[in-house]
Each structure stands twice: as structure tokens, then as C-alpha cells.
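Contents: one structure, followed by commentary.
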Amino acid sequence: MSSVTSSSASVHRGTAVAYVVFAFTLGMAWFVLAPLVPDLIHHLQSSLSSILLFVSLYGFAMIVFSLPAAWWAKKSGVSPVLRTAVLLSVVGLGVRIFSSSYALFFVAQAVAAIAYPFLISPVGAVLRQAGLVRWRAVTGLTIGLLFLGMSVGAFLGPRLAAVFGLTGTLTFVFAVNLVAGIFLFATAGRLQQSAPDATSTATSRVVFGSPRWWWIGLAIAATSVMFGGIAVSALSHQHLSNAAALGSLLTALNFLGSAIGAILFAWLADTFGHPRAWLWTLLALTTIFTAMVTLALTGAWLTGPGVLKIVFLLLGLFGNGTYALALAATGAASREALGAGVQTAGFSMASNVGVALLPPLLGPLVLTQPTTFAIVTIGILVLALINLALVHKQSDRLTAT
């Protein structure tokens with residue numbers, strides 16, 4: 001019996017590997033656009049805010065489809081949900097290769113965007129069904145690889161475009177995503193072998209993630225995506241000769257830091273405990289480095305490329321470490337595996353409200369109203385700190401009584 005159990009666990013872990021690899025390729029295919037925003041403006045004859053909408057579309061998709069995807073996973077298992085994510089991604093990324101108009105590119109990007117909630121929202125259910133018990137560490141690994149893909153995409157974007165052009169770049173990332181998607185599609189059915197939890201009932205209470213984490217997720221996700229989308233344009237506005245190369249590198253470093261931070265700090269909190277202390281420290285550091293990036297992009301703080309690289313890397317490191325801990329805490333609250341997907345979906349839906357709205361609405365202000373941009377951006381993180389203080393104060397008061 002033990003050998004059968006071990007074999008089943010190994011099979012499920014193989015599916016989990018296919019899952020996180022596909023997340024990596026989806027992140028790469030999506031954020032390869034970030035450093036190519038100026039090229040897309042020229043290619044599609046559109047404004048900066050219109051093109052930034054492409055980058056933030058997945059936020060709208062997360063808002064609309066997170067809970068339906070998680071409910072579907074709870075009712076029918078994660079296999080059909082993951083396979084739907086693969087199909088949506090392949091179709092959307094494939095169509096955008098041939099899109100010569102803004103409308104068609106928008107439709108293709110929207111289809112691909114829907115793959116995000118179907119892949120990421122039920123992450124709690126996927127990892128719990130795969131039998132992976134180090135909850136914070138594995139959640140951090142999944143989010144980390146998604147952001148590592150974003151980093152690779154942002155770094156390779158201008159380099160691929162220089163060799164293959166815009167169309168060739170879109171074709172390259174589509175092909176990589178397709179290969180990973182085939183493996184996930186083929187292995188996703190293995191998770192159906194998991195039996196429902198004995199504690200799961202039709203009347204189980206469902207919590208869509210604790211509101212104490214929602215503003216944290218919204219603030220970090222929104223500002224991270226926004227910085228990635230505007231870096232090249234903001235540096236070009238400052239008349240830097242190497243703005244395209246430096247902006248793409250800064251975006252890549254931010255996402256690289258995000259990948260490392262999600263994996264590292266989730267593991268540290270899992271290993272050494274004291275998640276509250278980790279959360280406070282990371283959120284405070286995130287606020288400080290958000291202020292530094294904001295001042296650099298508005299031209300209020302003039303510094304060298306070397307310092308900017310360190311600042312962007314550390315912002316991603318601390319920011320996504322905070323995000324991963326908040327997401328893990330949400331999923332861990334579930335009493336049963338499939339319900340964990342619903343809880344992480346609630347967190348994702350709330351955090352991606354910011355992703356959907358801030359980049360296209362606030363992002364362009366970095367060029368036209370830099371002071372307003374700085375005040376609002378820094379204020380978002382300050383509010384997250386205030387919210388956390390109030391929540392912890394209330395929690396301590398309830399514990400004392």
C-alpha cells in the first residue's frame with residue numbers, strides 16, 4: 001500500500017511541476033509586451049494608456065473569472081479548469097501574432113488574459129490535491145515562477161524584437177507556451193484521482209479570502225504591473241539615450257526580485273515561523289522602495305543606472321514576498337483542498353482590481369502629472385500599512401478578550 005501511495009504522490013507532484021512551468025511560460029508570454037510598449041504604440045497607432053491596457057487586461061479577467069474558475073474546480077476538480085486555461089492561452093497568444101489592428105489584438109489579449117484566473121485562482125486546490133504540505137513555501141514557488149516568467153519576458157522582449165521583429169517575438173513566446181501547455185493538458189487529468197476530503201460538505205462555509213490581505217494584494221500587484229508597463233516610457237521622457245534597454249532591464253529585475261522574494265520569504269516564514277513579523281517588515285520595506293522607484297520615474301530623484309537596478313530588484317523582492325505570504329495565509333484558512341481554491345480566488349479577485357485599474361489610469365500621469373502620480377502611488381502603500389496596523393490591533397483585542 002505504501003508503494004502505491006508513494007507512486008500516486010509522485011504522479012501528482014509531476015502534475016504540479018507541469019503546472020508551475022506553464023505559469024512561468026504564461027508570465028513570460030504576457031510581460032514580453034512590457035518593454036515593447038513603444039513598439040506597440042507605433043504598430044497599432046494607439047496611445048500609451050490604450051497599450052497599457054493590454055498589460056493590465058489580466059487584472060480585469062481575474063476580477064470577473066476568479067470565483068467562477070474556483071467554484072468550477074471545487075465542483076468538478078481542477079483538471080477541466082487547468083485544461084481550459086491551456087486552451088485559452090494557446091488561442092489568445094496565437095491570434096495576437098496575426099493581429100494588425102488594435103481591436104483584434106485587444107480581443108486576442110483578452111482571450112489569453114482569461115487563462116490567468118483559470119490557472120492561478122484555484123492554486124490552493126491544485127497544490128493541496130497534489131499532496132504538497134509546505135503550504136507557504138509551495139504557494140511562494142508557484143507565484144515566484146510566474147513572476148520569473150514575467151522577468152524573463154521583460155528581459156528578452158527588446159532582444160528578441162531586435163532579431164525577429166515584433167511578430168517574431170510574439171511567435172517565439174507563443175511556441176514556448178504551447179509546448180508547456182501540451183504537457184499540462186496531458187497531465188492535468190491525474191489530479192482527478194484525488195478523493196474529496198472527508199470534511200468537505202455541500203454546506204461548508206466559504207470564505208473568499210480574509211479582507212485583511214486584500215488591500216495588500218491590490219497595492220503590491222497594481223504598482224508592480226504599473227512600474228513594468230511605464231518604465232521605458234518614463235525613462236524615455238527623461239531623454240535617456242538607452243531608455244529602452246535600461247527600462248526593459250529594470251522591469252526584468254523587478255520581476256526577478258518578485259520571483260526570488262515569493263519563494264524565499266514564504267520558505268523562511270514556513271521554516272522559522274513568526275509570519276506577522278515577516279509581513280510587517282516586508283510591507284514596510286516595500287513602501288520605502290516603492291517611494292524610491294516613484295521618485296526615480298518622475299525625475300524627482302536622479303541617480304545612476306546601477307542604483308536603479310538594485311532598487312527595482314529589491315522592490316520586487318520585498319513586494320512579492322509580502323504578496324506570497326498574504327496569499328498563502330488566505331489559502332491555508334480552508335478546511336478542505338478544493339475549497340482552498342475558492343479562498344485564493346477571492347484574494348486574487350480583490351488584488352487584481354488594482355491591476356485592472358491602476359496601470360491605464362494612473363500610469364500615464366507619470367508623464368503628464370508626475371506630482372499627482374507620486375502622491376497617489378506612495379499613498380497606496382501607506383494605506384496598506386495603516387490597514388495592517390488596524391487589523392492587527394483588532395486581532396490582538398479579540399484575542400485578549
| said: Given a Förster distance of 41 Å, report the FRET efficiency between T281 and V179 from their Cβ-Cβ distance, rounded to the nearest 0.05. | reply: 0.55
| message | Quick check: from the Cα gyration tensor, does the range 21-68 come out rounded (a/c under 1.5), prolate or oblate? | response | oblate
| said: Please compute the modelled spin-label separation between L390 and T303, points set 7 Å along Cα→Cβ, answer in nm with one decimal. | reply: 3.1 nm
| query | With labels modelled as points extended 7 Å from the Cα through the Cβ direction, what inter-label distance (nm, one decimal) is found for Q45 paired with R159? | reply | 3.4 nm
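Using a Förster distance of 30 Å, how high is the FRET efficiency between S100 and S76, based on the Cβ-Cβ distance and rounded to 0.05? Spell out each step's value before the answer.
Numbers: r = 38 Å, r/R0 = 1.28.
Efficiency, rounded to the nearest 0.05: 0.20.
Values quoted throughout were computed directly from the atomic coordinates according to the rules given, and no laboratory measurement underlies them. Just so we're clear, the structure is a prediction, and the values are computed from it rather than from any experiment. Note that each Cβ is placed from the backbone with ideal geometry, even for glycine, and that neighbours are counted across all protein chains shown.
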